[in-house]
Amino acid sequence: MNQPPVYLNHLGLICAMGNNPETIRHKLFNNGERCLTTTDQFTPGRALPVGAVNDPLPDLSSFPVTEQTRTNQLMAAALEQIQPAIEQAKENIDPLRIGIVLGTSTSGIAEGEAAISDHLKHQSMPDTFDYQQQEMENPATTLARWLDVLGPAYVVSTACSSGAKALASARRLLRMGVCDLVIAGGVDSLGKLTVNGFSALESVSEQPCNPFSRNRNGINIGEGAALFIVSRDKGPVCLSGVGEGSDAHHISAPHPDGLGAERVMATALTNANLTASDIGYLNLHGTATPQNDKMESRAVARVLGIETPCSSTKSHTGHTLGAAGAIEAAFCWLTLTDPEHRIPLQAWDGETDNELSDIWLVDQPLKHKITAAMSNSFAFGGNNISLVLERAL
């Protein structure tokens, strides 16, 4: 049975590159500018590059304390960009048929860290802390209250695939007829837990990350938010293909040959009724860890070959974890809607690793009119997803 197409109609976006889509578009396409901040805020005594958002964020002090988190501030910044369009889209739709699906891995953990530190000093928790701040579903239920919607509101938390899986979940809600409108995306904020957790895995680089280089030695953690209005109403970009899988190879390491990654990429192509030659740009998961980049290059070479332009944008933003899949889908959305037909650039040192399979890494400006793009997101436990987006207008 033919399924109705689902469209990504409007985009709200904030990350280390900027606080709106047009600023981010300029940096993404024109010069591949790195926007990382070096700080020891999260690792005292050890300065690390992070993809921090340094722009002012919305003040939530008048909101219930349960909603006062940096994660929700980032979400509010993205929401402000598309709220008028949301209000217009909501007209004549039953609030019970409007859903919220978000990816996150941190929620309000940073506020919990600060509260514990305060407790150690003063033997009491601060009035600014409530345990509900760090419950994983908090961003979704918060956004549902802000928008006064009553449909399904939930969070997908599958580590680095969360944001992409939220978009896939929104597509399913619309195709199953559960919802007529979904606000979907991902949001994550920086915190000591994630930065030190990945440091404990020996996965964090003390220099700006260097995806696919022979000199790569780890990730930089980042933060940000991307929100889409997702509906069956025709918009500029169609979410035409989804491939999801879980290879369960290892609790944190990917399958070394990229078998799980290959499977979801191939599934996404089939789901979109496209072939490899139709994909004009691939946003790589590209974490700059030795194992991930090696396996992904192998999977990409087998599925797409060497003629598909690719880049990892994590060198611009840091790895935004639960938000990464949504933010990088947003970069594909910006690519497909760019009037000058530009491709996101990869910032790296250009030092090829001969142990990696050949893929076309775009690190110089390239004008390349495309109709379809793919975005990869791979997570712990082999929880993998690939999305295919197509230009519709």
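The numbers here are math on the coordinates, done by the rules we state, and not lab data. On a predicted model such as this, the values are computed, not experimentally measured, just so you know. Here Cβ is always computed from backbone atoms with ideal geometry, including for glycine, and neighbour counts include all displayed protein chains.
Can you work out the Karplus-derived ³J(HN,Hα) for every residue in segment 307-321? Use 6.51 cos²θ - 1.76 cosθ + 1.60 with θ = phi - 60°, whole Hz, and x for glycine or proline.
With the stated coefficients, segment 307-321 comes to 9, 8, x, 9, 7, 9, 8, 5, 6, 8, 10, x, 8, 8, 6 Hz.
Each label point is 7 Å from the Cα along the Cα-to-Cβ direction; what then is the distance between the points at residue 23 and residue 363, in nm?
Distance between the two pseudo-spin positions: 2.8 nm.
Need one number: % antiparallel among DSSP beta bridges in segment 7-391, to the nearest 5.
65
Compute the length gained on full extension between residue 175 and residue 393: take 0.36 nm times their separation in residues and subtract their Cα-Cα distance, giving the result in nm to one decimal.
Result for the pair: 76.4 nm of gain on full extension.
Mind jotting down the distance between the C-alpha centroids of segment 213-278 and segment 93-126, whole Å?
Here the two parts' Cα centres lie 27 Å apart.
Give the residue from 122, 352, 318 lying farthest towards the positive end of the charge dipole for the chain; charges sit on Cβ (+1 for Lys and Arg, -1 for Asp and Glu) and the dipole is referred to the Cα centre.
It is 352, whose Cα lies furthest towards the positive end.
Can you tell me how much longer the chain between residue 354 and residue 341 gets when fully stretched, taken as 0.36 nm per residue apart minus their C-alpha distance, in nm with one decimal?
1.6 nm
Rank by packing, highest mean first: peptides 269-275, 94-100, 385-391, with packing defined as the count of other Cβ atoms within 10 Å averaged across residues.
385-391, 94-100, 269-275
Strictly over 29 Å apart at the Cα level, which of 165/314; 294/367; 165/234; 314/369; 121/165; 165/369 would you flag in this model?
Values: 165/314 18 Å; 294/367 27 Å; 165/234 21 Å; 314/369 23 Å; 121/165 40 Å; 165/369 27 Å.
Violating the 29 Å limit, Cα to Cα: 121/165.
Would you mind classifying segment 58-213 by shape? Square roots of the alpha carbon gyration tensor eigenvalues, ordered a ≥ b ≥ c; an a/c under 1.5 is rounded, otherwise it is prolate if a/b is larger than b/c and oblate if not.
Oblate, because a/c is 1.5 or more while a/b does not exceed b/c.
Sort 193-202, 297-306, 226-235 by the packing proxy (mean of other Cβ within 10 Å over each peptide's residues), most packed first.
On the way: 193-202: 16.0, 297-306: 20.2, 226-235: 22.9.
Descending mean neighbour count gives 226-235, 297-306, 193-202.
Classify the chain from the C-alpha gyration tensor, please: rounded if a/c falls under 1.5, else prolate or oblate depending on whether a/b exceeds b/c. Could the numbers behind the result be given before it?
Values: a/c = 1.62, a/b = 1.10, b/c = 1.47.
Since a/c reaches 1.5 but b/c is at least a/b, the shape of the chain is classed as oblate.
Once fully extended, how much extra length lies between residue 55 and residue 145, figured as 0.36 nm per residue of separation less the alpha-carbon to alpha-carbon distance? Could you put the intermediate results ahead of the total?
Working: separation 90, 0.36 × 90 = 32.40 nm, distance 2.50 nm.
Going from the current span to full extension adds 29.9 nm.
Relative contact order of the chain: what whole-number percent is it, with Cα pairs under 8 angstrom and at least 6 residues apart?
23
Along segment 292-299, what does the Karplus equation 6.51 cos²θ - 1.76 cosθ + 1.60 (θ = phi - 60°) give for ³J(HN,Hα), rounded to whole Hz, x for Gly and Pro?
Each residue's phi maps through the Karplus curve to give 4, 5, 5, 5, 5, 4, 5, 5 Hz.
What is the antiparallel percent of DSSP beta bridges lying wholly in segment 167-272, to the nearest 5?
Bridges in segment 167-272 are about 90 percent antiparallel.
Given a Förster distance of 30 Å, report the FRET efficiency between residue 80 and residue 380 from their Cβ-Cβ distance, rounded to the nearest 0.05. Please report the intermediate quantities before stating the final value.
Details: r = 32 Å, r/R0 = 1.07.
That pair, residue 80 with residue 380, gives E of 0.40.
Enumerate the calculated ³J(HN,Hα) couplings along segment 103-108 in order (Karplus 6.51 cos²θ - 1.76 cosθ + 1.60, θ = phi - 60°), each rounded to whole Hz, writing x wherever the residue is Gly or Pro.
After applying 6.51 cos²θ - 1.76 cosθ + 1.60, I find x, 7, 10, 10, 6, x Hz.
Which ordering of 146, 333 is given by a fewest-first count of other beta-carbon atoms within 10 Å?
The order, fewest Cβ neighbours first, is 146, 333.
Could you tell me the ratio Rg/Rh of segment 158-278? Both radii from Cα atoms, Rh via Kirkwood. If you can, show how the numbers build up before the last one.
Values: Rg = 17.3 Å, Rh = 17.0 Å.
Reported Rg/Rh (Cα atoms, Kirkwood Rh): 1.01.
What residues have an amide H closer than 5 Å to that of residue 241, excluding those fewer than 5 places away on the same chain, when H is modeled at 1.01 Å from N in the peptide plane?
Close amide H contacts, sequence-distant or interchain: 388.
Taking a ≥ b ≥ c as the square roots of the eigenvalues of the Cα gyration tensor of segment 239-375, is the shape rounded (a/c under 1.5), prolate (a/b larger than b/c) or oblate? Walk me through the intermediate numbers first.
Numbers: a/c = 1.43, a/b = 1.18, b/c = 1.21.
Rounded is the answer for segment 239-375, as its axis ratio a/c remains below 1.5.
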